[in-house]
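Asker: Structure incoming, see below.
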Amino acid sequence: MQYAKVSKDKAEALKRFLLEQALFAKGYPVKASEGCVMFPIKDPDPVLNAFPEVAIENLDVKKRPELDLRAILKQKLTEEQLALLPSGFDTIGTIAILELPKELADKGREIGEAILKLHKNIRTVVAKASKHQGEFRLQQYEVLAGKPTFETMHKENGVRLKLDISKVYFTPRLAGERLRIARQVKPGERVLVMFSGAGPYPCVIARNSKAKEIIGIELNPVAHNYAVVNKNLNKLHNFTPIQGDVREVVPKLNQVFDRILMPLPKTGEHFLDCALRAAKNGTIIHFYDFQPEQEFPKATIAKVKRAIKPKEFEVLNGVVCGSYAPGINRVCLDFRLK
Ligand SMILES: C[S@@+](CC[C@H](N)C(=O)[O-])C[C@H]1O[C@@H](n2cnc3c(N)ncnc32)[C@H](O)[C@@H]1O
């Protein structure tokens, strides 16, 4: 969720503005930290235009418990079961994705049907049935209620993304992060997106920047096919999806890029040598990693140093862009090669 962070003395004015402009993201808590107040927002653009001093941060905050959901399920679940209901869910297109505790495993259909009743934009309710696994980083799901399909059309940052959530890695939680990167792309840049999946980063960059060319490389053939569909769906002429292993494709490309994205946090460091083959002095690399809260950015900087030495680099930014597990964040280190 995107939050607007402002000093306490400006908080009242910002709050009024958010209410007047209907920019508050309802159902999310307001937070306070170190003399600042943080408001959950729907869209950072109008906020930043009106309050340039505001900092936008991505926080992995769950929506407050759905009181209505509890009311609908009151007759079907015990008090103990009601207390275990998840406090929110991810939505990809028309699919709601729940994390159901095992104690509620036999109540999945009732919970799914209650969600369909409450949220008219949802057509299918699924539960996570595994963690992300394998080279393609896929997750298994079980349909709880609604139309039995895993394919949907998701909208974010001005693009439409068609994908099958069981055959392609995708998380809607990185929407703010994708826009953060797109906003840094300068007119005329050549951008390489390694591990591009169904194309969310390339599509969002193509839509929200004046990049000259964006190349996406993805190993999973199903994800690549969706990337081609999404390029065409959004009429993006400067995006070229390529299917294959970045280790094989990058040397064959024999091109250098102004910016390289590496959204493979689990094992990305093993591909930094490959990124260097497509880089020049001045290339900016966005390197994703998983790190315990207290270790970032130090540990990620050390990881990059080890992997690319003796090549030197300048750290531009380090951002937390989501949570991976309790106490472990998904982070991005932006650095420029010297
Ligand atoms: C964490 S997902 C990110 C996908 C996409 N960028 C997104 O944000 O939705 C990592 C992707 O890298 C792909 N991948 C893994 N190893 C690869 C390799 N050696 N070459 C190309 N793609 C690879 C996986 O199939 C997966 O789709």
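The values are calculated or read from the model by the stated rules, or taken from the named source; none is laboratory data. This is a predicted model, so every value here is computed, not measured. Quick reminder, even Gly has a Cβ in these numbers, built from the backbone with ideal geometry, and neighbours come from all protein chains shown. Note: areas computed on protein heavy atoms with side chains; ligands, DNA, RNA excluded. Shrake-Rupley method; radii C 1.70, N 1.55, O 1.52, S 1.80 Å.
Asker: Using a 1.4 Å probe and ignoring any ligands, DNA or RNA, find the accessible area of Met38 and quote it in Å² to the nearest 10.
Answerer: Near enough 10 Å² of accessible area.
Asker: For region 1-49 and region 237-291, what is the centre-to-centre distance using only Cα atoms, to the nearest Å?
Answerer: The distance from the Cα centre of region 1-49 to that of region 237-291 comes to 35 Å.
Asker: Under 1.5 on a/c is rounded, so check that first for region 155-225, then, if it is not, pick prolate when a/b is larger than b/c and oblate when it is not; a ≥ b ≥ c are the square roots of the alpha carbon gyration tensor eigenvalues. The partial results should precede the final answer.
Answerer: Numbers: a/c = 2.27, a/b = 1.46, b/c = 1.56.
Judged from the Cα gyration tensor, region 155-225 comes out oblate (a/c at least 1.5, b/c at or above a/b).
Asker: Taking a ≥ b ≥ c as the square roots of the Cα gyration tensor eigenvalues, with a/c under 1.5 meaning rounded and otherwise prolate when a/b beats b/c, else oblate, which class fits region 171-337?
Answerer: Numbers: a/c = 1.56, a/b = 1.29, b/c = 1.20.
Cα axes put region 171-337 in the prolate bin.
Asker: Run the reach check for Lys76 against aspartates and glutamates, Cα to Cα strictly under 12 Å, same-chain hits fewer than 8 apart removed. What comes back?
Answerer: Within the straight-line cut-off, Lys76 pairs with Asp106, Glu110, Glu113.
Asker: Could I get the Rg over Rh figure for the chain? Both from C-alpha atoms, Rh via Kirkwood, rounded to two places.
Answerer: With Rg and the Kirkwood Rh in hand, the quotient comes to 0.98.
Asker: A further question follows. Based on the Cβ-Cβ distance of Lys63 and Arg336, what FRET efficiency does E = 1/(1 + (r/R0)^6) give at R0 = 35 Å, to the nearest 0.05?
Answerer: Numbers: r = 37 Å, r/R0 = 1.06.
With a Förster radius of 35 Å, E is 0.40.
Asker: Shifting gears a bit: Quick one: the Cα spread of region 138-182 along its three principal axes, in angstroms, biggest first?
Answerer: Dimensions of region 138-182 along the principal axes of its Cα atoms: 34, 19, 15 Å.
Asker: Could you pull out every one of the lysines with an alpha carbon less than 22 Å from that of Lys26, ignoring same-chain neighbours closer than 8 positions?
Answerer: Hits, sequence-local ones excluded: Lys5, Lys8, Lys10, Lys15, Lys42, Lys62, Lys63, Lys117, Lys120, Lys155.
Asker: For region 53-123 and region 205-221, compute the distance between their C-alpha centroids and round to whole Å.
Answerer: 34
Asker: Quick query: amide H of Glu189 versus all other amide H atoms, modeled in the peptide plane; which residues come in under 5 Å with a sequence gap of 5 or more or a different chain?
Answerer: For Glu189, the qualifying residues are Lys212.
Asker: May I ask you to give the percent of accessible area on the chain that is carbon plus sulfur, with a probe radius of 1.4 Å?
Answerer: On the way: 8520 of 16690 Å².
Of the solvent-accessible surface of the chain, carbon and sulfur hold 51 percent.
Asker: Hey, another quick one. Please list, ordered by chain and number, the residues whose modelled amide H lies under 5 Å from the amide H of Ala25; skip anything fewer than 5 residues away on the same chain.
Answerer: Amide H neighbours of Ala25: Ile41, Lys42.
Asker: What figure in square angstrom, to the nearest 10, would you give for the accessible area of Thr283 with a 1.4 Å probe?
Answerer: Thr283 has an accessible surface of roughly 0 Å² with all protein chains in place.
Asker: Another question about this same structure. Name the long-range amide H neighbours of Asn329: under 5 Å, sequence gap of 5 or more, or other chain; modelled H, no Pro or chain starts.
Answerer: Those qualifying (amide H under 5 Å, at least 5 residues apart or on another chain) are Gln291, Glu293, Tyr324.
Asker: Let me ask something else. Using only alpha carbons, build the gyration tensor for region 2-58 and give me the equivalent ellipsoid semi-axes, biggest first, whole Å.
Answerer: Working: eigenvalues 42, 32, 23 Å².
In descending order the semi-axes read 14, 13, 11 Å.
Asker: Continuing with this model, one more query. Below 8 Å, C-alpha to C-alpha, sequence gap of six or more: please give me the relative contact order for the chain in percent. Please report the intermediate quantities before stating the final value.
Answerer: Details: 682 pairs, mean separation 33.7, N = 338.
Result for the chain is 10 percent.
Asker: Using alpha carbons only, what's the Rg to Rh ratio of region 252-325 with Rh from Kirkwood? Mind dumping the intermediate values first?
Answerer: Details: Rg = 12.5 Å, Rh = 13.1 Å.
Across region 252-325, the Cα-based Rg/Rh ratio is 0.96.
Asker: Can you tell me which of Ser33, Ser209, Ser323 moves the most in a GNM of the chain? Springs connect C-alpha atoms under 10 Å apart.
Answerer: Taking springs between Cα atoms under 10 Å, the residue moving most is Ser33.
Asker: Give me the 1.4 Å probe accessible area per residue for region 2-58, excluding ligands and nucleic acids, in Å². Working shown, then result.
Answerer: Values: 3140 Å² over 57 residues.
Dividing the accessible area of region 2-58 by its residue count gives 55 Å².
Asker: Now, a different point. Along Cα→Cβ, 7 Å out, is where each label goes; now give me the distance between the ones at Phe51 and Ala71 in nm to one decimal.
Answerer: My value for the distance between the label points is 3.1 nm.
Asker: Using θ = phi - 60° and the Karplus curve 6.51 cos²θ - 1.76 cosθ + 1.60, what whole-Hz ³J(HN,Hα) does each residue of region 42-57 get, with Gly and Pro shown as x?
Answerer: After applying 6.51 cos²θ - 1.76 cosθ + 1.60, I find 7, 8, x, 4, x, 5, 5, 5, 7, 10, x, 6, 6, 9, 9, 10 Hz.
Asker: Let me have the 222 nm mean residue ellipticity of the chain computed from DSSP H runs of 4+ only, each contributing -39500 (n - 2.57), with the sum over all residues rounded to the nearest 500.
Answerer: Details: 11 runs with 100 residues, N = 338.
Here the helix-only value at 222 nm equals -8500 deg cm²/dmol.
Asker: Just tell me which lysines come within less than 19 Å, Cα to Cα, of Lys162; anything on the same chain fewer than 8 places away is out.
Answerer: Those lysines meeting the cut-off are Lys147, Lys231, Lys235.
Asker: Can I ask one more? Mind checking the dipole of the chain: about its Cα centre, +1 per Lys or Arg Cβ, -1 per Asp or Glu Cβ, Debye to the nearest 20? Don't jump to the answer; show the numbers that get you there.
Answerer: Numbers: 54 positive and 39 negative charges, 138 e Å.
Computed charge dipole of the chain: roughly 660 debye.
Asker: With the crude spin-label approximation of a point 7 Å out along Cα→Cβ, what separation in nm comes out for Lys42 versus Asn121?
Answerer: Once both label points are built, they end up 0.9 nm from each other.
Asker: Using each residue's phi in region 115-131, evaluate 6.51 cos²θ - 1.76 cosθ + 1.60 at θ = phi - 60° and report the 3J(HN,Hα) Karplus result to the nearest Hz, with x for Gly and Pro.
Answerer: Along region 115-131, the couplings run 5, 4, 5, 7, 10, 5, 7, 8, 10, 9, 10, 10, 10, 5, 10, 6, 7 Hz.
Asker: Just the Cα atoms of region 195-251: what Rg and Dmax do they give in Å?
Answerer: Final numbers for Rg and Dmax: 10.5, 29 Å.
Asker: Could you give me D for region 66-172, from Stokes-Einstein at 37 °C and 0.692 mPa s, where the hydrodynamic radius is the Kirkwood radius over C-alpha pairs? Units µm² s⁻¹, please. Can you show the working numbers first?
Answerer: Working: Rh = 14.4 Å.
The estimated diffusion coefficient comes to 228 µm²/s.
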